[in-house]
Amino acid sequence: MIGQRRVRLWTFRSKLWPDWRGLGRDMAGRCVSGRALIAALLILLATVSGSTGPSSREIWGASRIPSQFSEEERVAIKEALKGAIQIPTVSFSHEESNTTALAEFGEYMRKVFPTVFHSSLIRHEVVGTYSHLLTVQGSDPSLQPYMLMAHFDVVPAPEEGWDVPPFSGLERDGFIHGRGTLDNKNSVMAILQALELLLIRNYSPRRSFFIALGHDEEVSGIKGAQKISALLQARGVRLAFLVDEGSFIMEDFLPNLKKPFAMISVAEKGALDLMLQVNMTPGHSSAPPKETSIGILSAAVSRLEQTPMPNMFGSGPLKQTLKLLSREFSFPTNILFGNLWLFQPIVSRLMERNHITNALVRTTTALTIFNAGVKVNVIPPLAQATINFRIHPSQTVREVLELVKNIVADDRVQLHVLRSFEPLPVSPSDATAIGYQLLQQTIQSVFPEVNIVVPGICIANTDSRHYANLTNGIYLFNPVFLQPQGFSSIHGINEKISVRNYENQVKFIFELIQNADTYKEPVPHLHEL
Ligand SMILES: CCCCCCCC/C=C\CCCCCCCC(=O)N[C@@H](CCCCN)C(=O)O
Ligand SMILES: [Zn+2]
Ligand SMILES: [Zn+2]
């Protein structure tokens, strides 16, 4: 019966507005004609007068669908993730990826989420050959759309060191194991799974939203996310906010803080891949010169490693993070974090002590590739090293390059920029920031054991930077509990997610989508009017 009413509603709508992007405001958030208002009133009248028209829930999405899943659904939820892990969608390099697996993943999504891919509310497009864009049409065009993002390519996973084969998707001791269980097939599958479960329950959203699933995030997102972003920009889309991977519900990351806290990253570090090169005249190793290309380059990279970039603790969102966290600590940390005006020098030093918190306070320097030498008795002509810098939100690529030149201080060492991008601007996290507020509310309702939600910095990079032209509300958050060991497993070995964590991720998105429909803008105070 509800299904029949839905068909009638959509027939009615499409007759009134052949352009399905609708009334009042289109997907680009622009206002259109007043006929929309009249039409909406007509629908409302038909409903109130008890005609056979659509129910009020279908129009306004007013009543909530509880996020409770049957035993059968819970089994299907975890089995779907296991199947996704078994497809080895590896991005090896900018040039090489497992394209067979990428295509297979697209087929797999269609198979396990039939309701999503057959819904008349959803338009599905394949972009850049393997990435996917889903446009979910809401009933209220006055609400600006938002976007949920994730990626399904993974970094390589050689089998050595893993407790179970990385592409087995095996369940053991309550965990699903394998490459991509945290980064980031969990999000791809959870988003589609939540939507599938909502649609099965006859859900029809008020607020339109996009789902962007990238296939090359691990090698920069240029073929996937960047193309989706260009497509949406050409369509004039503006997003209220977007949510991507990049942060978690943190457990045991800070000494003396046992309780978990949710960190929504509102800033993302930039990056600079820099190649250092030294050329020298080759010759016989029996009569070596005083310095070789290897020696000169080694000294330069060693200087860079031994000279950390400046500590930027005072600027960026970290002060606010610690201030908000201060009440979760006992004496004396609560006093230190709560009074940064006085204790900033001490706290900034404390942050440097651990390699993860150190990454929050400065641009980091990681020596990742070193190549030199051709034969044991030949003085090497060429030595090359590649360094990966992650740029603090308060610095620029140019500033980092200048610092590098000064530290290297040797004209024989050439610097070649391979790739670079600036840090993302900081997204708002105040009471009027819809994306932040929605995430915070949803965290509080789905995870009552999490006392505190804080804005933070993402130390890695995500596809979200490609969408900075569409929104100033970029929020990085995975609704999953993470410990330092779990952090090391991302791009490392034994990546895994607990079944409970994954179920909660589905539940979170199920709730978030509904919350986005009912979100009320805060009423400004009188003095602000
Ligand atoms: C006071 C708060 C302390 C909390 C410490 C936070 C620790 C950080 C925890 C989690 C961060 C995980 C980030 C996961 C996202 C990984 C995304 C990724 O791998 N991106 C790649 C993209 C490569 C693009 C090509 N250049 C990357 O960054 O390398
Ligand atoms: Zn990722
Ligand atoms: Zn990754």
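Things to note:
- Per-residue ³J(HN,Hα) for region 183-200, Karplus 6.51 cos²θ - 1.76 cosθ + 1.60, θ = phi - 60°, Hz, x for Gly and Pro: 9, 7, 5, 4, 6, 3, 6, 5, 5, 5, 5, 4, 5, 4, 5, 5, 5, 4
- Given their separation in residues at 0.36 nm each and the Cα-Cα distance between them, Ile346 and Leu401 gain 17.0 nm when the chain is fully extended.
- Summing Cβ point charges (Lys, Arg +1; Asp, Glu -1) relative to the Cα centre of the chain gives a dipole of roughly 1380 debye.
- When each of the peptides 314-321, 154-161 is scored by the mean number of other C-beta atoms lying within 10 Å of its residues, the order from highest to lowest reads 314-321, 154-161.
- From the C-alpha gyration tensor of region 338-405, square roots of 5λ in Å: 37, 14, 9
- Counting only Cβ charges, +1 for Lys and Arg and -1 for Asp and Glu, the dipole size of region 116-203 around its Cα centre is about 360 debye.
- Paramagnetic reach from His284 (point 7 Å along Cα→Cβ, amide N under 14 Å) across region 367-401: 377-379
- For the chain, the relative contact order is 21 percent, taking Cα pairs closer than 8 Å that sit 6 or more residues apart in sequence and dividing their mean separation by the residue count.
- Leading residue at positive end of dipole, the chain (Cβ point charges), from Phe329, Val450, Thr363: Val450
- Working ranking of peptides 83-94, 301-312, 170-181 by packing, defined as the average number of other Cβ atoms within 10 Å per residue, highest first, is 170-181, 83-94, 301-312.
- Measure of compaction for region 186-296 (Cα Rg per 2.2 N^0.38 Å): 1.87
- Based on DSSP H segments of at least four residues, each scored -39500 (n - 2.57), the chain has a per-residue ellipticity at 222 nm of -11000 deg cm²/dmol.
- Solvent exposure of region 250-297 amounts to 44 Å² per residue of accessible area, where only protein heavy atoms count and the probe is 1.4 Å.
- Each DSSP beta bridge with both residues in the chain is either parallel or antiparallel, and the antiparallel ones are about 70%.
- Alpha-carbon radius of gyration plus Dmax, which is the widest Cα pair, for the chain in Å: 25.8, 100
- Label-point separation in nm, Ser302 to Asn388, each point 7 Å along Cα→Cβ: 2.4
- Point-charge dipole on Cβ atoms (K/R +1, D/E -1) for region 184-311, about Cα centre, debye to 20: 560
- When you restrict to C-alpha pairs under 8 Å that are six or more residues apart and normalise by the size of region 418-529, the relative contact order lands at 35 percent.
- Between the amide H of Phe241 and those of Met147, distances stay under 5 Å, these residues lying 5 or more places away or on another chain, with hydrogens modeled in the peptide plane.
- Given their separation in residues at 0.36 nm each and the Cα-Cα distance between them, Leu418 and Gln320 gain 31.9 nm when the chain is fully extended.
- The GluC sites (Glu not before Pro) found in region 76-145 that occupy coil by DSSP, while having at most 10 further C-beta atoms within 10 Å, are Glu95, Glu96.
- Entries in Lys111/Lys223; Lys185/Lys258; Lys82/Lys496 that, when Cα-Cα distance is taken, lie over 22 Å: Lys111/Lys223; Lys185/Lys258
- Contact order relative to length of region 110-166, as percent, for alpha carbon pairs under 8 angstrom and 6 or more apart: 17
- Out of every Cα-Cα pair that region 76-164 contains, those further apart than 22 angstrom amount to 40 percent.
- Here, region 246-292 has an Rg and a Dmax of 24.3, 63 Å when only alpha carbons are counted.
- Our estimate of slack between Ala468 and Ser70, defined as 0.36 nm per intervening residue step minus the Cα-Cα distance, is 139.4 nm.
- The HN-Hα couplings worked out from phi for region 308-322 by the Karplus form 6.51 cos²θ - 1.76 cosθ + 1.60 (θ = phi - 60°) are x, 5, x, 6, 9, 3, x, 10, x, x, 5, 4, 5, 4, 6 Hz, whole numbers, x standing for Gly and Pro.
The values are calculated or read from the model by the stated rules, or taken from the named source; none is laboratory data. Owing to the predicted nature of the structure, the values given are computational and were not obtained by experimental measurement. Here the Cβ is made from the backbone with ideal geometry for all residues, glycine too, and neighbour counts use every protein chain on show. The area values use the complete protein model at the heavy-atom level, side chains included, leaving out ligands, DNA and RNA. Shrake-Rupley method; radii C 1.70, N 1.55, O 1.52, S 1.80 Å.
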